[in-house]
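*Asks:* Below: one structure in structure tokens.
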Amino acid sequence: MHSEIAQIRLVGSHPEVYDPCDDSFALVDALLADRATLFEHQPSICMEIGCGSGYVITSLALLLKELGSSTHYIATDINPHAVQVTSETLEAHNCHAEVINTNIASGLEKRLFRCVDVMVVNPPYVPTPEDEVGCYGIASAWAGGENGRRVIDKILPVADVLLSDKGWLYLVTLTDNKPLELCLEMRKKGYASRIVLQRSTDEERLHIIKFWRDLNILSEANEFETLNKTRDGVRTGFSFLSPFSIWK
Ligand SMILES: C[S@@+](CC[C@H](N)C(=O)[O-])C[C@H]1O[C@@H](n2cnc3c(N)ncnc32)[C@H](O)[C@@H]1O
């Protein structure tokens, strides 16, 4: 493992901020495994949605340190305490990011439209009763409602708006979140996907999915859309989107 990342310290903490856990480590391990391609990718803007303690965005900034000031980092969290703790973690590791207290990326859509080259998200993904989603306190860090999908389903359309043409999204999911269904949803928007890391812990089976725009899939998705529109609303075009071609 990259030595500086292995040594990331939790400098700040708050009872209502999610401490790095198996899911955070899995996401950073996936980024580390992709390190060479991330360098080649030369991202100008990297963004984390739901930064919590700042462990992931700080790891990413350290991982890409050699790219220098040509890379700008942005992190958001709906929890103001997370914004504070992330800022402290970044500063303690001599990293810089804009850390913004907002819901997903609200208010940033215009400025970041099609600009984000790397997006990382470890969302609240645990299946819970709907009324726990977005509540105050630490539960909002993991509460994902039905199938754990409430927040994920809001983040994916935002990612589609913000990702650049060459943009990559790394998303943490659980088996309960129906990752294949998520890949099909994104395929309809023109994204290819691949599970870059799978890990079982005592409690859960994690998948880190990487999404990127693919021109062939995009034209396939456009044909699918056109076909649907021309068939008087009868949705018969699904054969275009073979789920078996997703897992490259
Ligand atoms: C599972 S924690 C992950 C924290 C950190 N990224 C990590 O991997 O350790 C999910 C984070 O998403 C934040 N979050 C939940 N709903 C959000 C929303 N609608 N917009 C932005 N952040 C949100 C939570 O406050 C929490 O910090």
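*Asks:* Just want the ordering: LYS189, LYS154, LYS210, from fewest to most Cβ atoms lying within 10 Å of their own Cβ. Kindly include the intermediate steps, with their values, before the conclusion.
*Replies:* Values: LYS189 16, LYS154 13, LYS210 19.
Least crowded to most crowded, the residues run LYS154, LYS189, LYS210.
*Asks:* Would you list HIS93, HIS72 from fewest to most Cβ contacts within 10 Å?
*Replies:* On the way: HIS93 20, HIS72 16.
Going from sparsest to densest Cβ surroundings: HIS72, HIS93.
*Asks:* Let me ask another. Count the lysine pairs in the chain whose Cα atoms sit under 22 Å apart, keeping only pairs 8 or more residues apart in sequence or on different chains.
*Replies:* Taking the Cα cut-off of 22 Å, the pair count is 25.
*Asks:* Quick one: plug the Kirkwood hydrodynamic radius of the range 97-219 (C-alpha pairs) into Stokes-Einstein at 10 °C, 1.306 mPa s, and report D in µm²/s.
*Replies:* Numbers: Rh = 15.1 Å.
In µm²/s, the coefficient is 106.
*Asks:* How many angstrom lie between the Cα centre of the range 4-79 and the Cα centre of the range 209-225?
*Replies:* Their Cα centres are 27 Å away from one another.
*Asks:* For the chain, set up a GNM with springs between Cα atoms under 10 Å and report which of SER69, SER87, SER24 has the largest fluctuation.
*Replies:* SER69
*Asks:* Based on Cα positions only, what radius of gyration and what Dmax would you give for the range 55-167, in angstroms?
*Replies:* That works out to 14.7, 44 Å for Rg and Dmax.
*Asks:* Averaging over every viewing direction, what projected area does the convex hull of the Cα atoms of the range 95-136 cover, in nm²? Present the calculation step by step, with values, prior to reporting the outcome.
*Replies:* On the way: hull surface 18.8 nm².
Directional mean of the projected Cα hull area for the range 95-136 stands at 4.7 nm².
*Asks:* Okay, moving on. Given the options ASN103, ASN216, ASN122, which has the most mean-square fluctuation in a GNM of the chain, springs set between C-alpha atoms less than 10 angstrom apart?
*Replies:* Of ASN103, ASN216, ASN122, the most mobile in the Gaussian network model is ASN216.
*Asks:* What percentages make up the Cα-Cα pair-distance distribution of the chain when the bins are 5 Å wide from 0?
*Replies:* 1, 6, 14, 18, 20, 17, 12, 6, 3, 2, 1, 0
*Asks:* Next up: Over the chain, what is the percentage of antiparallel beta bridges among all DSSP beta bridges, to the nearest 5?
*Replies:* Roughly 45 percent of the DSSP beta bridges within the chain come out antiparallel.
*Asks:* Arrange the following residues from fewest to most other Cβ atoms within 10 Å of their Cβ: ILE155, ILE49.
*Replies:* Lowest to highest Cβ neighbour count: ILE155, ILE49.
*Asks:* Set the Förster distance to 35 Å, then compute FRET efficiency between ASP165 and ALA92 from the Cβ-Cβ distance, nearest 0.05.
*Replies:* On the way: r = 35 Å, r/R0 = 0.99.
The computed FRET efficiency comes out at 0.50.
*Asks:* For the range 94-102, what does the Karplus curve 6.51 cos²θ - 1.76 cosθ + 1.60, with θ = phi - 60°, yield as ³J(HN,Hα) per residue in whole Hz, taken in order and with x for Gly and Pro?
*Replies:* Coupling constants for the range 94-102: 6, 10, 10, 8, 7, 10, 10, 8, 7 Hz.
*Asks:* Which value, in nm² and rounded to one decimal, describes the direction-averaged projected area of the C-alpha convex hull of the range 10-121?
*Replies:* 6.4 nm²
*Asks:* Continuing with the same structure: Quote to one decimal, in nm, the extra length available between LEU180 and ALA36 on full extension: 0.36 nm per residue of separation minus the C-alpha distance between them. Write down the numbers at each step before the final one.
*Replies:* On the way: separation 144, 0.36 × 144 = 51.84 nm, distance 2.67 nm.
This chain segment gains 49.2 nm when fully extended.
*Asks:* Would you mind giving the average projected area, over all directions, of the Cα convex hull of the range 18-66 in nm² with one decimal?
*Replies:* Details: hull surface 13.2 nm².
The Cα convex hull of the range 18-66, projected and averaged over all directions, gives 3.3 nm².
*Asks:* Counting each DSSP H run of 4 or more residues in the chain as -39500 (n - 2.57), what helix-only mean residue ellipticity at 222 nm follows after dividing by all residues, to the nearest 500 deg cm²/dmol?
*Replies:* Working: 9 runs with 86 residues, N = 248.
Per the formula, -10000 deg cm²/dmol.
Read-outs: derived from the displayed coordinates by stated rules, not from any lab. Bear in mind that the values here come from a model prediction, so they are computed numbers and not experimental data. As a convention, Cβ positions derive from the backbone with ideal geometry for all residues, glycine included, and neighbour counts pool all protein chains shown.
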